[in-house]
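S.K.: This is the structure I have questions about; it appears just below.
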Amino acid sequence: MRKRVAALLEVLGVYLTGSFLSARVADLLVRWHLVSAQNPFDLLSAHTTNSELLVASQQMFLRLMIRYGSYFVLIIPIGYWYRRRGPAAYGVTRAGRSWNALILAGLGTACLTQWPVLVHTLVDAVHPLGAMAPWRQAFFDMSWRRWQFWLFAGIISYALVPILEELLFRGYYQRRLAEDWGDGPAVIGTACFFTLAHKQYLIANAYNVTMVMSLFCMAIGLGIIFAWTRSLVPSIIAHALINIPMRPFWQGVLLVAFVIGVCFAWREGIRALAVLRNARFVT
């Protein structure tokens, strides 16, 4: 029990201390005029210009590096103390599997666990479920026919954020909890933590309630595939795939592809569920 409490305290301590450190570093860089005091999301509107998107992209990249860098400034020394050393200790490894196997695992995970997000967004496109965060509404309302949009989207959505979030949530939080709680509690606990960390969905209406539920299902799937493969490659692939901005037509096409993919992936998905019974994280 002491080890379990210590794992929880370590994870919570890293989260709270990292958040505090991130805010202090950001304030310092604002004073040095290296980072803008304005939130990059405040630059977004339905009529955001190309130059505004480039500024928002630069500022968002810097803020994300500060935020996640602050966590890993704490995580790496703690991990070194506990002999968690090198990239493989955080899932940055193939774990003895082929690239083809890891890519297929990522695609299978997307098919099996991410269809609720697609169903949610398609229902909202036909029958609006409620207001979303203002910056998200502006993101969807602006023109997508320019490379500046896709650069910004890559930073906040499908390219950079999946890597950073998987490194933190699965590579550190889940692994650390699994060491003393086992894979099952670690997957569920990290999924709760991951879901609540997306504060843009913590708005009381039908859109955000159903989005939180869908996000939780997705997080469970990402946690299971990491526990099964011991590699972040599949979870990053699945995470990035669902984060690609799409219009309703292409979301419908992807949903059909997911349904077809389920026919091929469900057996392996059932096998992967066996990791939830693991008593401890074993490499």
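S.K.: From the backbone phi of the stretch 168-184, what are the Karplus-calculated ³J(HN,Hα) couplings (6.51 cos²θ - 1.76 cosθ + 1.60, θ = phi - 60°) in whole Hz, Gly and Pro given as x?
M.R.: My calculation for the stretch 168-184 gives 6, 6, 8, x, 10, 4, 5, 4, 4, 5, 5, 4, 10, 9, x, 5, x Hz in order.
S.K.: For the stretch 55-132, what are the per-bin percents of Cα-Cα distances with bins 10 Å wide, up to the bin holding the maximum?
M.R.: 14, 20, 29, 29, 8, 0
S.K.: Enumerate the calculated ³J(HN,Hα) couplings along the stretch 8-18 in order (Karplus 6.51 cos²θ - 1.76 cosθ + 1.60, θ = phi - 60°), each rounded to whole Hz, writing x wherever the residue is Gly or Pro.
M.R.: 5, 5, 5, 5, 5, x, 5, 4, 5, 5, x
S.K.: Calculate how large, on average over all directions, the projected area of the Cα convex hull of the stretch 1-113 is; give the answer in nm² to one decimal.
M.R.: Averaged projected hull area, Cα only: 11.6 nm².
S.K.: Evaluate the Debye formula for the stretch 163-283 with equal point scatterers sitting on the alpha carbons, no solvent, and hand back log10 of I(q)/I(0) at q = 0.09, 0.12, 0.17, 0.19 Å⁻¹, in q order, two decimals.
M.R.: -0.26, -0.47, -0.92, -1.10
S.K.: OK, next. So what is the orientation-averaged projected area of the stretch 84-172, using the convex hull of its C-alpha atoms, in nm²?
M.R.: Average of the hull's projected areas for the stretch 84-172 equals 8.3 nm².
S.K.: Which one of PRO134, PRO162, PRO40 has the biggest mean-square fluctuation once the chain is modelled by GNM with Cα springs under 10 Å?
M.R.: PRO134
S.K.: Just rank THR109, THR17, fewest to most, by other beta-carbon atoms within 10 angstrom.
M.R.: Neighbour counts put them in this order, fewest first: THR17, THR109.
S.K.: Can you grab the distance from the C-alpha centre of the stretch 6-64 to the C-alpha centre of the stretch 175-199, Å, no decimals?
M.R.: When both Cα centres are located, 24 Å separates them.
S.K.: I'd like to know which of TYR90, ILE220, GLY252 lies farthest towards the positive end of the charge dipole of the chain, counting +1 on Cβ of Lys and Arg and -1 on Cβ of Asp and Glu.
M.R.: Going by the charge dipole, the pick is TYR90.
S.K.: Once the dipole of the stretch 2-277 is set up with Lys and Arg at +1 and Asp and Glu at -1 on Cβ about the Cα centre, which of GLN148, ILE103, ILE66 lies farthest towards its positive end?
M.R.: The residue sitting farthest along the positive end of the dipole is ILE103.
S.K.: Please identify, among TRP250, TRP266, TRP115, the residue showing maximal mean-square fluctuation in a Gaussian network model of the chain using a 10 angstrom Cα cutoff.
M.R.: It is TRP250.
S.K.: On to the next question. Scan the chain and report its longest stretch carrying no trypsin sites (Lys or Arg not before Pro) that are both in a DSSP loop and have at most 10 other Cβ atoms within 10 Å.
M.R.: 146-283
S.K.: Can I ask one more? ³J(HN,Hα) across the stretch 65-80 via Karplus (A = 6.51, B = -1.76, C = 1.60, θ = phi - 60°), whole Hz, x for Gly/Pro?
M.R.: With the stated coefficients, the stretch 65-80 comes to 5, 5, 4, 6, x, 5, 5, 6, 4, 8, 5, 5, x, 4, x, 4 Hz.
S.K.: How high is the relative contact order of the chain? Use alpha-carbon pairs under 8 Å, at least six apart in sequence, and give a whole percent.
M.R.: With pairs under 8 Å counted, the relative contact order is 28 percent.
S.K.: Report Rg/Rh for the chain, rounded to two decimals, where Rg is the Cα radius of gyration and Rh the Kirkwood radius.
M.R.: Rg divided by Rh gives 0.97.
S.K.: Considering only ALA138, ILE78, TYR15, whose Cα is most displaced toward the positive end of the charge dipole of the stretch 2-277, charges sitting on Cβ of Lys, Arg (+1) and Asp, Glu (-1)?
M.R.: Positive-most Cα among the choices belongs to ILE78.
S.K.: How large is the dipole of the stretch 2-277 about the Cα centre if only Lys and Arg carry +1 and Asp and Glu carry -1, each at its Cβ, rounded to the nearest 20 debye?
M.R.: 820 debye
Any read-out appearing in this document is the output of simple, stated calculations on the displayed coordinates, not a laboratory observation. Computed from a prediction, not measured in an experiment: that's the story for all the values here. Here the Cβ is made from the backbone with ideal geometry for all residues, glycine too, and neighbour counts use every protein chain on show.
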